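S.K.: Below: one structure in structure tokens.
The values are calculated or read from the model by the stated rules, or taken from the named source; none is laboratory data. Predicted model, so just to flag it, every value in this text is computed and none were measured. Cβ placement follows ideal geometry from the backbone for every residue including glycine, while neighbour counts extend to all protein chains displayed.
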Amino acid sequence: MVTKTSRNLTKIKLRLLWENGKRCAICGKRIKDFDDLTVDHIVPVAKGGQNVIENCQLAHKDCNGEKRDLPPDMYDQLRKYKRKHALKLKLYRIFQIW
């Protein structure tokens, strides 16, 4: 069943594609496949964001899933932390498995 919200997001997705091209707003890489394309809410709906074009950006499904419902500033801090401590996180995961 197609809802009003899903129709609105499809219109937003097409408009963002037209205006911004196929570039992920989170990682900056090119989105190669339309199936890997999602609409990310800059201010998450769970935090009071709305389904309006000004609050939406294109993103890879994986990038959007990693961002979850974090606001942009908190997500940026998380990415910086992960980059800084990447080796520690990998070693932690390896030793967790053992």
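S.K.: Can we say residue 65 is surrounded by 15 or more Cβ atoms within 10 Å (Cβ to Cβ) and either farther than 16 Å from residue 25 by Cβ or of a type outside the set (Phe, Trp, Tyr) (or both)?
M.R.: No; evaluated as a whole, the condition is false for this residue.
S.K.: Note down all Cβ pairs under 7 Å where the first residue falls in segment 20-45 and is farther than 16 Å from residue 75 by Cβ and at pLDDT 90 or above, the second is among the acidic types (Asp, Glu) and in a loop (DSSP other than H, G, I, E, B), and they're at least six residues apart or on different chains.
M.R.: If the second residue must be among the acidic types (Asp, Glu) and in a loop (DSSP other than H, G, I, E, B), no pairs are left.
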